[in-house]
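Reading through the structure tokens given below for one structure.
The values are calculated or read from the model by the stated rules, or taken from the named source; none is laboratory data. As the structure is a computational prediction, the values presented were derived from the model and not from experiment. Positions of Cβ are backbone-derived with ideal geometry, glycine not excepted, and every protein chain shown enters the neighbour counts.
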Amino acid sequence: MTPVQSAAREQLLQQEGFSVSAIARNLSAPLNILYGPDSTLWITERVGKDIVRIDPINGTKLSTMPIPNANQSKGQDGVLGMAFDPDFNNTHHIYVAYTYEEDSAEGIPELKTKITRFTYDASH
């Protein structure tokens, strides 16, 4: 734990009613963390270009879903965020925002962002 992390932990522990424990480590620049309808944490990894599902009780990595064609090459690009379809339990749709490369008219790759709907299959 870095000195900054230790100081932040100590500050939080001094506040009434809080405790601190690490649930997951070695993530690749996590950006968006959602508590999913399946009672797991869904985490976008901006640099890793995927979505990871983690058991919030014991920190076990349950699955990793790579985002095809996601591009991460600079500061704020990669897999950025996600949202669950309001009817996720029936549709199993998630919406993911990420950057990708597209050739410009001059043939030079250009970074763009898109939102794509994916369908989650719990059996895989």
(request) Filter the range 58-72 down to the residues that are assigned to a strand (DSSP E or B) and free of Cβ contacts under 8 Å to residues at least 60 places away in the same chain, then identify the one that is surrounded by the most Cβ atoms within 10 Å (Cβ to Cβ). (result) MET65
(request) Consider VAL47 carefully, then state whether it is under 15 Å from SER28 (Cα atoms) and either among the basic types (Lys, Arg) or in a loop (DSSP other than H, G, I, E, B) (or both). (result) yes
(request) Could you list all residues from the range 62-88 that are closer than 16 Å to GLU102 by Cα and more than 12 Å from the chain's Cα centre (by Cα)? (result) PRO68, ASN69, ALA70, ASN71, GLN72, SER73, LYS74, ASP77
(request) Could you look through the range 1-37, keep only residues that are of a type in the set (Val, Ile, Thr) and part of a loop (DSSP other than H, G, I, E, B), and pick out the one that is farthest from ILE51 (Cα to Cα)? (result) THR2
(message) Which count do you get for residues in the range 108-124 that are surrounded by 10 or more Cβ atoms within 10 Å (Cβ to Cβ) and in contact (Cβ under 8 Å) with a residue 12 or more places away in the chain?
(response) 9
(message) Can you tell me how many residues within the range 73-124 are outside any strand (DSSP E or B), of a type outside the set (Phe, Trp, Tyr), within 18 Å of TYR35 (Cβ to Cβ) and at pLDDT 90 or above?
(response) 5
(request) Tally the residues that are touching a Leu at 6+ places or on another chain (Cβ under 9 Å), hydroxyl-bearing (Ser, Thr, Tyr) and closer than 18 Å to ARG117 by Cα, restricting the search to the range 31-68. (result) 1
(message) Could you check the range 95-107 and list, in sequence order, the residues that are under 17 Å from PRO30 (Cα atoms) and in contact (Cβ under 8 Å) with a residue 24 or more places away in the chain?
(response) VAL96, TYR98, THR99
